[in-house]
Amino acid sequence: MLLQLVTALAALAGAACSLLAEGSGAGAASGILPFTAGGFIYLGTVSVIPEILRNSGPAQALLQLLALLAGVAMMLLIAHYE
(Lines give C-alpha, C1' and ligand atoms only; values in the text may rest on other atoms or scores of the structure.)
Protein backbone atom coordinates (compact mmCIF):
# COMPACT_ATOMS: atom_id res chain seq x y z
CA MET A 1 0.00 0.00 0.00
CA LEU A 2 2.90 2.32 0.68
CA LEU A 3 4.24 1.85 -2.85
CA GLN A 4 0.77 2.55 -4.26
CA LEU A 5 0.71 5.77 -2.23
CA VAL A 6 4.14 6.77 -3.55
CA THR A 7 2.99 6.05 -7.11
CA ALA A 8 -0.17 8.11 -6.63
CA LEU A 9 1.81 11.01 -5.17
CA ALA A 10 4.24 10.88 -8.09
CA ALA A 11 1.32 10.95 -10.53
CA LEU A 12 -0.15 13.91 -8.69
CA ALA A 13 3.20 15.71 -8.75
CA GLY A 14 3.53 15.01 -12.48
CA ALA A 15 0.05 16.38 -13.15
CA ALA A 16 0.84 19.50 -11.12
CA CYS A 17 4.12 20.02 -13.01
CA SER A 18 2.37 19.66 -16.36
CA LEU A 19 -0.31 22.16 -15.36
CA LEU A 20 2.32 24.61 -14.18
CA ALA A 21 4.35 24.18 -17.38
CA GLU A 22 1.30 24.59 -19.63
CA GLY A 23 1.80 28.30 -20.10
CA SER A 24 5.58 28.06 -20.42
CA GLY A 25 5.55 27.42 -24.13
CA ALA A 26 7.17 24.78 -26.29
CA GLY A 27 10.40 24.74 -24.30
CA ALA A 28 8.83 23.05 -21.29
CA ALA A 29 6.89 20.56 -23.40
CA SER A 30 10.01 19.60 -25.34
CA GLY A 31 11.66 18.57 -22.08
CA ILE A 32 8.69 16.81 -20.50
CA LEU A 33 7.45 14.75 -23.46
CA PRO A 34 10.65 12.73 -24.07
CA PHE A 35 10.89 11.97 -20.35
CA THR A 36 7.29 10.75 -20.28
CA ALA A 37 7.63 8.69 -23.45
CA GLY A 38 10.82 7.12 -22.15
CA GLY A 39 9.02 6.17 -18.95
CA PHE A 40 6.23 4.46 -20.88
CA ILE A 41 8.68 2.61 -23.10
CA TYR A 42 10.71 1.50 -20.09
CA LEU A 43 7.67 0.25 -18.20
CA GLY A 44 6.35 -1.50 -21.26
CA THR A 45 9.56 -3.31 -22.00
CA VAL A 46 10.30 -4.21 -18.38
CA SER A 47 6.87 -5.74 -17.85
CA VAL A 48 6.09 -7.09 -21.32
CA ILE A 49 9.34 -8.64 -22.61
CA PRO A 50 9.87 -11.08 -19.72
CA GLU A 51 6.23 -12.14 -19.96
CA ILE A 52 6.56 -12.68 -23.71
CA LEU A 53 9.68 -14.79 -23.33
CA ARG A 54 8.23 -16.86 -20.50
CA ASN A 55 4.80 -17.71 -21.91
CA SER A 56 5.20 -18.19 -25.65
CA GLY A 57 7.19 -20.08 -28.22
CA PRO A 58 9.98 -18.53 -30.28
CA ALA A 59 7.79 -17.62 -33.27
CA GLN A 60 5.07 -16.07 -31.12
CA ALA A 61 7.66 -14.21 -29.02
CA LEU A 62 9.22 -12.77 -32.19
CA LEU A 63 5.84 -11.59 -33.47
CA GLN A 64 5.00 -9.96 -30.16
CA LEU A 65 8.41 -8.30 -29.97
CA LEU A 66 7.97 -6.96 -33.50
CA ALA A 67 4.55 -5.59 -32.51
CA LEU A 68 6.14 -3.86 -29.51
CA LEU A 69 8.82 -2.33 -31.73
CA ALA A 70 6.14 -1.25 -34.21
CA GLY A 71 4.39 0.58 -31.37
CA VAL A 72 7.61 2.38 -30.47
CA ALA A 73 8.12 3.27 -34.14
CA MET A 74 4.60 4.71 -34.30
CA MET A 75 5.34 6.87 -31.27
CA LEU A 76 8.47 8.14 -32.99
CA LEU A 77 6.52 8.95 -36.16
CA ILE A 78 3.84 10.77 -34.22
CA ALA A 79 6.45 12.75 -32.31
CA HIS A 80 8.30 13.60 -35.52
CA TYR A 81 5.26 14.80 -37.48
CA GLU A 82 3.43 16.48 -34.60
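Take A37 and decide whether it is modelled with pLDDT under 80 and either assigned to a helix (DSSP H, G or I) or within 16 Å of the chain's Cα centre (by Cα) (or both). Full working, then the answer.
Values: modelled with pLDDT under 80: yes; either assigned to a helix (DSSP H, G or I) or within 16 Å of the chain's Cα centre (by Cα) (or both): yes.
In short, yes.
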*Return yes or no: is G31 at pLDDT below 80, on the phi > 0 side of the Ramachandran plot and more than 13 Å from the chain's Cα centre (by Cα)?*
no
_Filtered residues of segment 52-70 (kept if closer than 20 Å to I41 by Cβ and open to solvent by less than 70 Å² (accessible area, probe 1.4 Å))_ = I52, A61, Q64, L65, A67, L68, A70
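How many of the residues in segment 42-68 are in contact (Cβ under 8 Å) with a residue 24 or more places away in the chain and either of a type in the set (G, A, S) or within 17 Å of E82 (Cβ to Cβ) (or both)? Explain how you work it out, then say what you get.
The first filter runs over segment 42-68 and keeps only residues in contact (Cβ under 8 Å) with a residue 24 or more places away in the chain, leaving 44, 68.
Right, trim to either of a type in the set (G, A, S) or within 17 Å of E82 (Cβ to Cβ) (or both) and you get 44.
So the answer is 1.
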*For segment 5-13, state whether one or more residues are open to solvent by 100 Å² or more (accessible area, probe 1.4 Å) and modelled with pLDDT under 80.*
no
*Working only within segment 52-82, note down all residues that are more than 20 Å from the chain's Cα centre (by Cα) and part of a loop (DSSP other than H, G, I, E, B).*
S56, G57
*asked:* Quick check on I49: is it open to solvent by 90 Å² or more (accessible area, probe 1.4 Å) and under 28 Å from T7 (Cβ atoms)?
replied: no
_Scan segment 16-28 and tell me whether some residue there is modelled with pLDDT of 80 or more and either out of contact with any helix residue (DSSP H, G or I) (no Cβ under 8 Å at 6 or more places or on another chain) or open to solvent by less than 100 Å² (accessible area, probe 1.4 Å) (or both)._
yes
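The values are calculated or read from the model by the stated rules, or taken from the named source; none is laboratory data. Quick caveat, the model's predicted, so the values are computed rather than measured. Reconstructed Cβ throughout: ideal geometry from the backbone, glycine too, with neighbour counts over all protein chains shown. What goes into the accessible areas is simple: the full protein's heavy atoms, side chains included, and nothing from ligands, DNA or RNA. Shrake-Rupley method; radii C 1.70, N 1.55, O 1.52, S 1.80 Å.
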